[in-house]
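Bear in mind these aren't lab numbers, they're just calculated from the coordinates by the rules spelled out. It should be emphasised that the depicted structure is a prediction, and the values quoted were computed from it without experimental measurement. All Cβ positions, glycine included, derive from the backbone under ideal geometry; neighbour counts span all protein chains shown.
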Amino acid sequence: MSAPRLEIALDRLRHNAVTLVGHLSRHGITVTAVSKACLGRPEIVGTWLAAGVTSIGDSRIETLEGLARGGLTAPTLLIRTPMLSQVEQVVAHATSSCNSEPLLIQALAAAAQRQQRRHGVLLMVELGDCREGLLPRDLEAAARLTLSLPSLRLVGIGTNLGCQHGVVPDAANMAELSALANALEARLGIGLELVSGGNSANLPWLAQGGTPGRINHLRLGEALLLGREPLARTAIPGLHTDAFTLVGELIEVKRKPSSPWGKQGLTSFQASAPPPAPDRGLRQRGLLALGVQDMDPADLEPPAGVSIVGASSDHLVVEAERPLRVGEELHFRPGYSALLRAMTSPFVVKRYSGGDRWLTRAAADRWRARSCRTSQG
């Protein structure tokens, strides 16, 4: 069997999606499933849609374009602010997009007019994490601009927390978002379809009794995929945290000194010289054909009795108390960063189990062909 590979349990992903969609619907909240960490794989996207998510979100328009060409008809949301150079693509292949720049809103309107389409705009508001978003005082002007452009549709407002500085969604910032929605509707005489509270980081706030207020939409990735919230990396009760397993093959097993010798400089992935390694004598070390190009070694949970001691572009170095052998496979649990990198690596085979394929073989082949052309272009 090929290695490295990701073993993906679709039935566990379906369980996570059904559970979250059902729980959030009782709060009046719908879910956009964010596919960026799985590169928009149609098998996973189809599992989510069958479980009741209302739309698919991604940060790369190329992924949404690939899904559309592969047969996706569900609404899509570009969750990263569009690039000016890609507005034509965005209008052609995304139902809506998150926006915070007036210049880009005007460019999207022009592109939509040329294509005789109507593009949805979700205005993002900055509420403390200092990444994307209009300052609250600028929200009304951006809304008026969007409403003045007939080729655009103002679908709502949203915010994003927990990604840049780890700011926690709480009663204060969620209430502020609700208040902004109410004020905007009152001043402009409109109704907002979506008030998008954020991402998987919002789930602990809700679980602790948070009041949604006007919030009726979340954009979820990590919770659906890994069954956990991102701020403390804690498992969400009732969800599977083991839908993904990263498998690597041992290509060398030897007893070697635990401390290097000779003058040391920088390694390829370190900005400063590594600290001196303690001398623990001879240790059994294994070398796997799995490198930083394929995963994030700092975000892997090794199997019991195995520890990760280092990584380079193409190798993962482990130690183990039990005997290892060349050709043996080791199974690791990836976190979000490791999963994202493994899913986007062409050298990691993806193997699915426990679910039906969403697309026909021909449609899946079209999707893959389009993805390859996009990545090579």
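List of remarks:
- Any hit, the stretch 215-229, residues being farther than 30 Å from E193 by Cβ and not in a strand (DSSP E or B): no
- When residues of the stretch 311-327 are limited to those that are more than 24 Å from M343 (Cβ to Cβ) and assigned to a loop (DSSP other than H, G, I, E, B), the one nearest to the chain's Cα centre (by Cα): G327
- Scope the stretch 169-209; condition closer than 26 Å to L20 by Cβ, in a helix (DSSP H, G or I) and among the polar types (S, T, N, Q); matching residues: N173, S178, S200, N202
- Complete set of residues in the stretch 70-93 that are in contact (Cβ under 8 Å) with a residue 24 or more places away in the chain and either over 20 Å from the mean Cα position of the chain (by Cα) or in a helix (DSSP H, G or I) (or both): G70, G71, Q86, V87, E88, Q89, V90, V91, A92, H93
- Some residue of the stretch 112-131 being among the aliphatic types (A, V, I, L, M) and assigned to a helix (DSSP H, G or I): yes
- Selection status of L218, under 24 Å from L339 (Cβ atoms), in contact (Cβ under 8 Å) with a residue 60 or more places away in the chain and surrounded by fewer than 24 Cβ atoms within 10 Å (Cβ to Cβ): no
- Residue match in the stretch 116-127 (condition: surrounded by fewer than 20 Cβ atoms within 10 Å (Cβ to Cβ), of a type outside the set (F, W, Y) and either touching a residue at least 60 places away in the same chain (Cβ under 8 Å) or closer than 21 Å to A179 by Cβ (or both)): yes
- Qualifying residue in the stretch 48-71 (condition: over 30 Å from D299 (Cβ atoms) and of a type in the set (A, V, I, L, M, F, W, C)): yes
- Residue match in the stretch 94-105 (condition: in contact with a Phe, Trp or Tyr (Cβ under 7 Å, 6 or more places away or on another chain) and part of a loop (DSSP other than H, G, I, E, B)): no
- Within the stretch 274-310, the set of residues being within 23 Å of R233 (Cα to Cα) and assigned to a strand (DSSP E or B) comprises L300, E301, V306, S307, I308, V309, G310.
- Counted residues, the stretch 34-69 - those being assigned to a helix (DSSP H, G or I), touching an Asp or Glu at 6+ places or on another chain (Cβ under 9 Å) and among the polar types (S, T, N, Q): 1
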